[in-house]
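Structure in structure tokens, see below.
The values are calculated or read from the model by the stated rules, or taken from the named source; none is laboratory data. The model shown is predicted, which means the values in this text are computed figures rather than measured ones. Methodologically, a virtual Cβ is constructed for each residue, glycine included, from the backbone with ideal geometry; neighbour enumeration extends over all protein chains shown. These area figures cover heavy atoms from the full protein model, side chains too; ligands, DNA and RNA do not enter into them. Shrake-Rupley method; radii C 1.70, N 1.55, O 1.52, S 1.80 Å.
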Amino acid sequence: MTLTQLKYFIALAETLNFTQVARDFYVAQTSISYSIQVLEHEIGVKLFDRSTKSTHLTPGGHLFYEKARAAVELLTRAQEEAVAAMETATIMIGCSRLCSGTQFYHSIHALQEDNPKIKILLAASEPEVDLFSELSAGKIDIGVYLTNPFSQRLQPSQYVTRQFPVDVPRKMIVSKSHPYARHKAGLPPDCMKSCQRITYGNLEDILLCTPSADESTEAASRPLIAKDFHSLLDMVGANLGIACLPIVNDLETETVCTIPCLEERAPEHFVALAVTYAHNNPSPYVARAAEALAKSYLSLLS
């Protein structure tokens, strides 16, 4: 029985709504259901009567709720007092280059302001396979990345992921000397048909953003693949082609800039931001920092 399980149970007892509880804790609804099933098995009492239309506390659930709520309040106060008494903790946050930038640094600043006892160190992790291996090795405490089929296959089950219901649109990265750089309001993706495309791949050459079905020209169907984000920016800056990637922030350097990609809907490759931390990390600061970072990101991007 864990404190997190009890918090899920209390929230569900008060709302009787699995969807709302999952949304409030930034987890999948299946995680809430599984947690309640494990809790019921551990204490040997059925806590909820569930049907397709409604959820209700059982008599045993009512009794357990009153005791559990008091226990969680006591444990939460104890944890807060223990944390307040601790020396400054250091948390290493690894961030995918596609997520870093203005909003990321504002979120980190807000986290630091709200938690003055936390010393935050930042590290760009690229490609994302390095981010997960660094989490596994304990080199970083929290990872920030964009969800996609590739990262979901990499993510081991011992990590807890917070996902945000915020679509991340694609943006065009072009050289400042490219004619497209003048279109500050944005361009439709069709304009890439006549351009050499530069895309961002991982170590296994799996493209993170592939051309759409109607981009059938040779330039679009045979993109140049950059192994890291710095190389992609260098290639675009040298006017070897243009890139179109889902990135959180606007980007501008001495040689490149970003303009909106005016598409009807966000592509399916990247659907949300995610914050991940090792479930067995002993620091009481890590889970709190991940939750705070999630809320900060959500407020900035909503």
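Pairs, please: C-beta under 7 Å, at least 6 apart or cross-chain, first residue on the phi > 0 side of the Ramachandran plot and in segment 226-254, second surrounded by fewer than 18 Cβ atoms within 10 Å (Cβ to Cβ) and in a helix (DSSP H, G or I)?
Once the first residue is on the phi > 0 side of the Ramachandran plot and sits in segment 226-254, no partner that is surrounded by fewer than 18 Cβ atoms within 10 Å (Cβ to Cβ) and in a helix (DSSP H, G or I) comes close enough.
Just to check your reading of the model, which residue among E80, E73, E66 is closer than 30 Å to L131 by Cα, free of Cβ contacts under 8 Å to residues at least 12 places away in the same chain and open to solvent by 70 Å² or more (accessible area, probe 1.4 Å)? Steps first, answer last, please.
Numbers: E73 fails: closer than 30 Å to L131 by Cα; E66 fails: closer than 30 Å to L131 by Cα.
Answer to the check: E80.
Mind listing just one residue for me: the one in segment 216-230 that is open to solvent by 40 Å² or more (accessible area, probe 1.4 Å) and not in a strand (DSSP E or B) and, of those, modelled with the highest pLDDT?
H230
I would also like to ask the following. Taking only segment 65-119 into account, find how many residues are in contact with a Phe, Trp or Tyr (Cβ under 9 Å, 6 or more places away or on another chain), among the basic types (K, R) and either modelled with pLDDT of 85 or more or closer than 30 Å to K46 by Cα (or both).
Number of matching residues: 0.
Which of (1) modelled with pLDDT of 60 or more; (2) farther than 30 Å from Q29 by Cβ; (3) open to solvent by 60 Å² or more (accessible area, probe 1.4 Å) does G201 not meet, given it meets every other one?
Failing condition for G201: (3).
Only one of (1) in contact with a Leu (Cβ under 9 Å, 6 or more places away or on another chain); (2) over 23 Å from A292 (Cβ atoms); (3) exposed (fewer than 14 other Cβ atoms within 10 Å of the Cβ) is not met by H41, so which one is it?
(1)
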